[in-house]
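Structure first, then comments.
The values are calculated or read from the model by the stated rules, or taken from the named source; none is laboratory data. These numbers were taken from a predicted model, which means no experiment stands behind them. Neighbour counts run over all protein chains shown; Cβ positions are idealised from the backbone, glycine included. These accessible areas exclude ligands, DNA and RNA; they are computed on the full protein's heavy atoms, side chains included. Shrake-Rupley method; radii C 1.70, N 1.55, O 1.52, S 1.80 Å.
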Amino acid sequence: MASRGSQYQWSARGFIAPGVILVAVLLYLPLLWTTFLSFTEYNGLGDPDWIGFGNFAEMFEDPGFIVSLLNTLLWVVGTLLIPVGIGLALALLTWNLPGGVWLRVPFLIPYALSGIGVGLIWSFILSSNGALDQALGAFGIADTPRWLVDAPLNTVVMIIAAAWQGVGVNALLFTIGLNSIPKEPLEAARVDGATGGRLFTSILWPMLRPLTAVVVGLSIVASLKTFDIVLGMTKGGPGGASETLALTMYKETFVNSDYGLGSAIAVFLTIVTMIAAVLYLRQQLSKKHEF
Amino acid sequence: MNSRRTKIGAAVAALAASAMLLAACSGGGAADSGETTGTLDFYTNKAAWEPDFDELNGASETSVDISLNTTGYSDADQYDAFIKQSFRTSKSPGLFTWQTGSSLTELVDEGLIAETTDIWSNAVDEGWVTEDLRETYTVDGKQYCVPMNIAYWVMYYNTKIFEEQGIEVPTTWEELDAAAETLKSAGITPYYQTSTLFTFQWFQQMVAGTDPELYEGLSTGEVEYTDPEIVDIMNMWLDQHEAGWFSDAGSTVDPAVGLKQGDYAMINFGSFFNGSLDGAGMVSGEDYDMFVIPKTNPDLERTPVAVESGPLCVAENAAQKALGLAYSEWWMSPEAQTAWSEARGDVAFNPKATVSDPMLDELGTTVASDDYLVYDRYYEATPTPILTVALEQFGAFIANPGDPLPFLEIIQAEADKYWADQE
């Protein structure tokens, strides 16, 4: 006869089973299948041919892949400097300010848009003879840069477009972090005369560390898989000059029907993302708060 | 008791999930129902054309008692992946649109497409299609699919700009160059161009217009992209760029709107572009017209004209195979092509069909004469991996015109890799 605890466990398994099966079928099986495909040559028809590490070798020999990798790194650095940096500044400037929450609202609204939507809006603004060029022309500035044509300028302006979308949510997260700081150390610091930069570096920044770690970690992961905004603005062009790894993966798989090479890029991207996320979060979240 | 019931429930859930998974992964299709009348499920990557296909149902129901149930995809890559995956299930389509060239050969090699040799033989005997077009649909001596549509790649022009500048329709390459010079000196950009997707047409035009065999050799791997003749042609293109003959490659203004508002005077596009120009508010024959682009090399006997043809295919293992083939057979008839031309406002591949737009009717008649040589558009003639790289490199060249050799070397490196894999 089963004990009460054992019965409870069986009931719990029954409830968990559908979720576990769904995750296994929709996440882990595709992951295993993608990993298998990365070692094959496969055009989506018939059966895959096993070629070992051939796709990985081809991937690193391709200059286009290297450009894509460098662009992705630029995205990682850019999204840390701009949306995370501006988000933190915005949170600090509006924190404890009367009506500060309303000042953050306009920055938060773009977060509701899809990446493709943001891409379309910004390509309308930045395309040659687009809204920005026409506005500059009205001020007599005719010789404008080719925002979406010249590399790496096109990647930089796309990072700015992504920042426009991401600043608000970063500011919101940092504000939550600032509001969760206990009042006592803040008041003690103020009594000791710490204000402005001194208050930030000695009190606020160290106490924000756990939240900063999460925001930066999420930002790194999001920038490594940048896809939709680039597809919407430049399609990775011209000549693949603004491609990111996720876009290269999509192109090889669905445009060239080279499912093996596309899967190899997907596996590489997954490994890089996991290593970056795990290393960063372990390093940041294991630190003791010292202040 | 409860415990046992929960265990059974969990086991049933697991079995159901496994069954779903197995069903999803299992290959093979359902047996052909053999029916030749009824509703035919039709999949296409031309979602915008769905109303045109629906409009045809009146004609097909009357003639062969078949109506199309159309599902349109607006993303070509997503559509291709869907069709490829459908062959692994029992849902492979009775009728679907595809591409000619290497994409078609790929499906035929796997035995996934129903043969249409009998339909083609009948159509050729009846004079409904040309032998040239049959070649496009032939793999290893047999025909597969039927042509959904046909489009010739020609030069559209803004008639008002031509009139204002006193430019006659060019009949030689020299006259075309002279027209471009006249326009440029009047402050009007002669040609439209873009650095995304449609980056190939001017290259295609000049290579085929210089030497059709050279063009053919690129598609078979017998000619290298770094061939001195190809480099010369690219340098000619570079000279035209340096002369300021092309529009800004980064502009996202709708090409039809650009032609209407005079951003440029000419645009090299497929004959389906009439629809876009009409949609932009231009009137065919009044605001815009078209001409066949003269041959680059005056010594050629015939003027080459690029043709684009998209196929309608039937899956070999489809439950509606017989129905799909019955529709395909009707599709080749003058009656079907007249209805299609009426619905779509496009040229018809069947010379016995009636084309309502006089401009398109004239184009079809002109190109069918012995003075013109019809060749496969670069997009279909080039194997996909080479095409992807070439489109990117032409885009890069258009965006930053300079020494063409580095661009050509990148395309040739991909071509070397592709043709080595084919050996």
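Among the residues of the stretch B:134-158, which ones are under 21 Å from B:V305 (Cβ atoms) and in a strand (DSSP E or B)?
First pass over the stretch B:134-158, keeping only residues under 21 Å from B:V305 (Cβ atoms): B:134-138, B:147-157.
Across the stretch B:134-158, the qualifying residues are B:T138, B:P147, B:M148, B:N149, B:I150, B:A151, B:Y152, B:W153, B:V154, B:M155, B:Y156, B:Y157.
Go through the stretch B:357-389 and give me each residue that's in a loop (DSSP other than H, G, I, E, B), within 19 Å of the chain's Cα centre (by Cα) and away from chain A (no Cβ under 14 Å).
Looking only at the stretch B:357-389, we keep the residues that are in a loop (DSSP other than H, G, I, E, B), and these are B:357, B:369-371, B:377, B:382-383.
Now restrict to residues that are within 19 Å of the chain's Cα centre (by Cα): B:377, B:382-383.
Result: B:R377, single match.
For the stretch B:252-275, which residues satisfy the criterion of being more than 17 Å from B:K184 (Cα to Cα), surrounded by fewer than 22 Cβ atoms within 10 Å (Cβ to Cβ) and within 14 Å of another protein chain (Cβ to nearest Cβ)?
B:T252, B:V253, B:D254, B:V257
Going through the stretch A:22-43 one residue at a time, which ones are more than 9 Å from chain B (Cβ to nearest Cβ) and surrounded by 16 or more Cβ atoms within 10 Å (Cβ to Cβ)?
Initially, the stretch A:22-43 is screened for residues more than 9 Å from chain B (Cβ to nearest Cβ), giving A:23, A:26-28, A:30-40, A:42.
Scanning the stretch A:22-43 gives A:T34, A:L37, A:S38, A:F39, A:T40, A:Y42.
Quick one: which residue in A:L97, A:L103 is free of Cβ contacts under 8 Å to residues at least 40 places away in the same chain, outside any helix (DSSP H, G or I), open to solvent by 50 Å² or more (accessible area, probe 1.4 Å) and farther than 30 Å from B:A249 by Cα? It would help to see each step written out before you state the result.
Details: A:L103 fails: outside any helix (DSSP H, G or I).
So the residue among A:L97, A:L103 that is free of Cβ contacts under 8 Å to residues at least 40 places away in the same chain, outside any helix (DSSP H, G or I), open to solvent by 50 Å² or more (accessible area, probe 1.4 Å) and farther than 30 Å from B:A249 by Cα is A:L97.
For the stretch B:77-103, what are the residues that are hydrophobic (A, V, I, L, M, F, W, C) and either within 9 Å of chain A (Cβ to nearest Cβ) or open to solvent by less than 40 Å² (accessible area, probe 1.4 Å) (or both)? Please lay out each step first, then the result.
Within the stretch B:77-103, the subset hydrophobic (A, V, I, L, M, F, W, C) is B:81-83, B:87, B:95-96, B:98.
Scanning the stretch B:77-103 gives B:A81, B:I83, B:F87, B:L95, B:F96, B:W98.
How many residues does the stretch B:104-133 hold that are in contact with an Asp or Glu (Cβ under 8 Å, 6 or more places away or on another chain), assigned to a helix (DSSP H, G or I) and within 14 Å of chain A (Cβ to nearest Cβ)?
The total comes to 1.
Just one of A:G46, A:G52, A:G14, A:G19 is free of Cβ contacts under 8 Å to residues at least 12 places away in the same chain, of a type in the set (G, A, S) and surrounded by fewer than 12 Cβ atoms within 10 Å (Cβ to Cβ); which is it?
On the way: A:G46 fails: surrounded by fewer than 12 Cβ atoms within 10 Å (Cβ to Cβ); A:G52 fails: free of Cβ contacts under 8 Å to residues at least 12 places away in the same chain; A:G14 fails: surrounded by fewer than 12 Cβ atoms within 10 Å (Cβ to Cβ).
Answer to the check: A:G19.
Among the listed residues B:D52, B:D65, B:D32, B:D132, identify the single one that is open to solvent by 40 Å² or more (accessible area, probe 1.4 Å), within 24 Å of B:K352 (Cβ to Cβ) and in contact (Cβ under 8 Å) with a residue 60 or more places away in the chain.
Matching residue, one of B:D52, B:D65, B:D32, B:D132: B:D132.
Would you say B:A249 is in contact with a helix residue (DSSP H, G or I) (Cβ under 6 Å, 6 or more places away or on another chain), within 14 Å of another protein chain (Cβ to nearest Cβ) and not aromatic (F, W, Y)? Full working, then the answer.
Numbers: in contact with a helix residue (DSSP H, G or I) (Cβ under 6 Å, 6 or more places away or on another chain): yes; within 14 Å of another protein chain (Cβ to nearest Cβ): yes; not aromatic (F, W, Y): yes.
Yes.
Going through the stretch A:254-284 one residue at a time, which ones are within 14 Å of chain B (Cβ to nearest Cβ) and without any contact (Cβ under 8 Å) to a residue 12 or more places away in the chain? Spell out how you get there, then give the answer.
At the first step, the residues of the stretch A:254-284 found to be within 14 Å of chain B (Cβ to nearest Cβ) are A:254-263.
If the condition is that a residue be within 14 Å of chain B (Cβ to nearest Cβ) and without any contact (Cβ under 8 Å) to a residue 12 or more places away in the chain, then A:F254, A:V255, A:N256 are the ones that fit.
Filter the stretch A:1-21 for residues that are at the interface with chain B (Cβ under 8 Å from one of its Cβ atoms), assigned to a helix (DSSP H, G or I) and of a type in the set (G, A, S); which is nearest to A:L269 (Cα to Cα)? Break it down stepwise before answering.
So the first thing to find is which residues in the stretch A:1-21 are at the interface with chain B (Cβ under 8 Å from one of its Cβ atoms), and the list is A:2, A:6-7, A:10-11, A:13-14, A:17-18, A:21.
Now restrict to residues that are assigned to a helix (DSSP H, G or I): A:6-7, A:10-11, A:13-14, A:17-18, A:21.
Then keep just the ones that are of a type in the set (G, A, S); that gives A:6, A:11, A:14, A:17.
Numbers: A:S6: 42, A:S11: 39, A:G14: 35, A:A17: 30 Å.
Once the filter is applied, the top-ranked residue is A:A17.
A:A222: small (G, A, S), at negative phi, away from chain B (no Cβ under 14 Å) and open to solvent by less than 20 Å² (accessible area, probe 1.4 Å), yes or no? Quick ask: steps written out before the conclusion?
On the way: small (G, A, S): yes; at negative phi: yes; away from chain B (no Cβ under 14 Å): yes; open to solvent by less than 20 Å² (accessible area, probe 1.4 Å): no.
The answer is no for A:A222.
Could you look through the stretch B:197-216, keep only residues that are open to solvent by less than 10 Å² (accessible area, probe 1.4 Å) and closer than 23 Å to A:S123 by Cβ, and pick out the one that is nearest to the other protein chains (Cβ to nearest Cβ)?
B:T199
In contact (Cβ under 8 Å) with a residue 40 or more places away in the chain and either within 14 Å of another protein chain (Cβ to nearest Cβ) or within 30 Å of A:A151 (Cα to Cα) (or both), is that true of A:L69?
On the way: in contact (Cβ under 8 Å) with a residue 40 or more places away in the chain: yes; either within 14 Å of another protein chain (Cβ to nearest Cβ) or within 30 Å of A:A151 (Cα to Cα) (or both): yes.
Spelling it out, A:L69 is indeed in contact (Cβ under 8 Å) with a residue 40 or more places away in the chain and either within 14 Å of another protein chain (Cβ to nearest Cβ) or within 30 Å of A:A151 (Cα to Cα) (or both).
What pairs come out if I take residues in the stretch B:157-179 that are over 17 Å from B:V292 (Cβ atoms) and pair them with residues that are open to solvent by 20 Å² or more (accessible area, probe 1.4 Å) and of a type in the set (G, A, S) whose C-beta lies under 7 Å away, six or more apart or interchain?
B:N158/B:G262; B:I161/B:G262; B:Q165/B:A186
Within the stretch A:55-71, take every residue that is closer than 21 Å to A:S257 by Cβ and aromatic (F, W, Y) and give me the one that is least open to solvent (accessible area, probe 1.4 Å).
Taking the stretch A:55-71 first, the residues closer than 21 Å to A:S257 by Cβ are A:55-59, A:61-62, A:64-65, A:68.
Cutting the leftovers down to aromatic (F, W, Y) gives us A:56, A:65.
Numbers: A:F56: 36, A:F65: 4 Å².
Here the residue is A:F65.
Could you count how many residues in the stretch B:217-239 are outside any loop (DSSP other than H, G, I, E, B), within 29 Å of B:G250 (Cβ to Cβ) and open to solvent by less than 50 Å² (accessible area, probe 1.4 Å)? Don't jump to the end; show me each part of the working.
Filtering the stretch B:217-239 for residues outside any loop (DSSP other than H, G, I, E, B) gives B:217-220, B:228-239.
Filter once more, keeping what is within 29 Å of B:G250 (Cβ to Cβ): B:218, B:230-239.
Narrowing further to those that are open to solvent by less than 50 Å² (accessible area, probe 1.4 Å): B:218, B:230-231, B:233-234, B:237-238.
Looking only at that region, the number is 7.
How many residues does the stretch B:159-196 hold that are among the aromatic types (F, W, Y), open to solvent by 10 Å² or more (accessible area, probe 1.4 Å) and in a helix (DSSP H, G or I)? Give the derivation first.
At the first step, the residues of the stretch B:159-196 found to be among the aromatic types (F, W, Y) are B:162, B:173, B:191-192.
Now drop any that are not open to solvent by 10 Å² or more (accessible area, probe 1.4 Å), which leaves B:173, B:192.
Going one step further and asking which of them are in a helix (DSSP H, G or I), we end up with B:173.
Looking only at that region, the number is 1.
Go through the stretch B:390-411 and report how many residues are open to solvent by less than 40 Å² (accessible area, probe 1.4 Å) and part of a loop (DSSP other than H, G, I, E, B).
Selection size over the stretch B:390-411: 2.
Restricting to the stretch A:116-152, count the residues that are surrounded by fewer than 19 Cβ atoms within 10 Å (Cβ to Cβ), of a type in the set (S, T, N, Q) and within 10 Å of chain B (Cβ to nearest Cβ).
The total comes to 1.
Out of B:G324, B:G310, which single residue is modelled with pLDDT of 95 or more and in contact with a strand residue (DSSP E or B) (Cβ under 8 Å, 6 or more places away or on another chain)?
On the way: B:G310 fails: modelled with pLDDT of 95 or more.
So the residue among B:G324, B:G310 that is modelled with pLDDT of 95 or more and in contact with a strand residue (DSSP E or B) (Cβ under 8 Å, 6 or more places away or on another chain) is B:G324.
Those residues that are without any contact (Cβ under 8 Å) to a residue 12 or more places away in the chain and among the polar types (S, T, N, Q), I need them from the stretch B:68-80; list them, please.
Of the stretch B:68-80, the ones without any contact (Cβ under 8 Å) to a residue 12 or more places away in the chain are B:77-78.
Hit for the stretch B:68-80 is B:Q78, nothing else.
Is there a residue being in contact (Cβ under 8 Å) with a residue 24 or more places away in the chain, β-branched (V, I, T) and open to solvent by 40 Å² or more (accessible area, probe 1.4 Å) anywhere in the stretch B:138-147? Full working, then the answer.
Filtering the stretch B:138-147 down to residues in contact (Cβ under 8 Å) with a residue 24 or more places away in the chain leaves B:139-140, B:142-147.
The next check asks that each one be β-branched (V, I, T); those that pass are B:139, B:146.
With the extra rule that they be open to solvent by 40 Å² or more (accessible area, probe 1.4 Å), the set shrinks to none.
Checked the stretch B:138-147: no residue is in contact (Cβ under 8 Å) with a residue 24 or more places away in the chain, β-branched (V, I, T) and open to solvent by 40 Å² or more (accessible area, probe 1.4 Å).
Criterion first (more than 30 Å from B:A123 (Cβ to Cβ) and touching a helix residue (DSSP H, G or I) at 6+ places or on another chain (Cβ under 9 Å)) does B:A243 satisfy it? Give the derivation first.
Details: more than 30 Å from B:A123 (Cβ to Cβ): yes; touching a helix residue (DSSP H, G or I) at 6+ places or on another chain (Cβ under 9 Å): yes.
So B:A243 passes the test.
What's the total number of residues in the stretch A:110-123 that are in contact with a helix residue (DSSP H, G or I) (Cβ under 7 Å, 6 or more places away or on another chain), assigned to a helix (DSSP H, G or I) and hydrophobic (A, V, I, L, M, F, W, C)?
Selection size over the stretch A:110-123: 4.
Please go through the stretch B:349-385 and give me each residue that is under 20 Å from B:T138 (Cα atoms), in contact with a Phe, Trp or Tyr (Cβ under 7 Å, 6 or more places away or on another chain) and of a type outside the set (S, T, N, Q), ordered by number.
Scanning the stretch B:349-385 gives B:Y375, B:R377, B:Y378, B:Y379, B:P383.
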